[in-house]
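Here the structure comes first, spelled out in structure tokens, and everything after it is commentary.
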């Protein structure tokens, strides 16, 4: 695999499982030093040991807590001499009707999905200015349109989408690029069997059959963070098998 990130330091939040783990593995394969952040320190430690502790640092951090995010960035910068890429991946979903969505539900999803991106960008800014690095935020196709019973999640990911665009303008003057990836349903290939019915429902709306995997999302993140995308900023790249290519209408025949 091409080594686009040798001697570069990449911070990945929510790195202990799912998409975040896939992103961390992709950057590790391309030679990066990794700061693996999340709330499950045991999972982060296991992944760091697999990557190699000389190139990976596991940091327990809750992205809803600004002090945790600041400490996470500073720990990585001390260990590896700076920060070149921030991947703000940590997030949660919430499937509830409005009548069942509490104020606590709302605050949790907004603080995790939106505040975490904001705190990360602020904390990493001094280091990214020095490296002329980049930020990639994990949004969702649910931030590009509405879904039944996902109003709070729609709002949170919609905020990530426009935060990405605003930051692209604010940080472009420093040579920092800011982009986002918008996945749809994403399931590790080895775990897909129990979700066959759900995947089939999604296939009715997609141009491509099958299901996206963390590796698919990671490939898009790697591109946007790399010098191959040196003149790309402020974009939202769907990794969705073509769901957003459709009008939303059912098949006519």
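Throughout, read-outs are computed from the coordinates displayed, never taken from laboratory work. None of the values given here were measured: they were computed from a predicted structure. Counting neighbours? That spans all protein chains shown, and the Cβs are built from the backbone with ideal geometry, glycine included.
Full extension of the chain between residue 223 and residue 203 yields a length gain of 4.6 nm, computed as 0.36 nm times the residue separation minus the alpha carbon distance. Taking the C-alpha atoms only, the angle from helix 116-131 to the longest principal axis of the chain is near 40 degrees.
With all pairs of different alpha carbon atoms counted, what Kirkwood hydrodynamic radius in Å does the range 91-179 show?
After inverting the pairwise mean of 1/r, the radius is 13.7 Å.
For the range 24-105, what class follows from the C-alpha gyration tensor (a ≥ b ≥ c being the square roots of its eigenvalues): rounded when a/c is under 1.5, otherwise prolate if a/b is larger than b/c, else oblate? Let's see the in-between values first.
Values: a/c = 2.55, a/b = 1.99, b/c = 1.28.
Verdict is prolate for the range 24-105.
Counting only the Cα atoms, the range 116-251 fills a convex hull of 123 Å³ per residue.
When restricted to Cα atoms, the chain yields an Rg and a Dmax of 17.7, 60 Å, respectively. In the chain, Cα pairs under 8 Å separated by at least six residues give a relative contact order of 19 percent. Here each label is just a point 7 Å from Cα along the line to Cβ, and for residue 1 and residue 191 those points are 1.8 nm apart.
When you count the other C-beta atoms within 10 angstrom of each residue and take the mean per peptide, 13-22, 238-247 line up highest first as 13-22, 238-247.
Take the Cα of residue 54, step 7 Å toward its Cβ, do the same at residue 235, and the gap between the two points is 3.6 nm. By how many degrees, 0 to 90 and rounded to 10, does the Cα axis of helix 41-51 deviate from the longest principal axis of the chain? So the inclination is approximately 70 degrees. For the chain, the longest principal axis of the C-alpha atoms and the axis of helix 18-29 are separated by about 40°.
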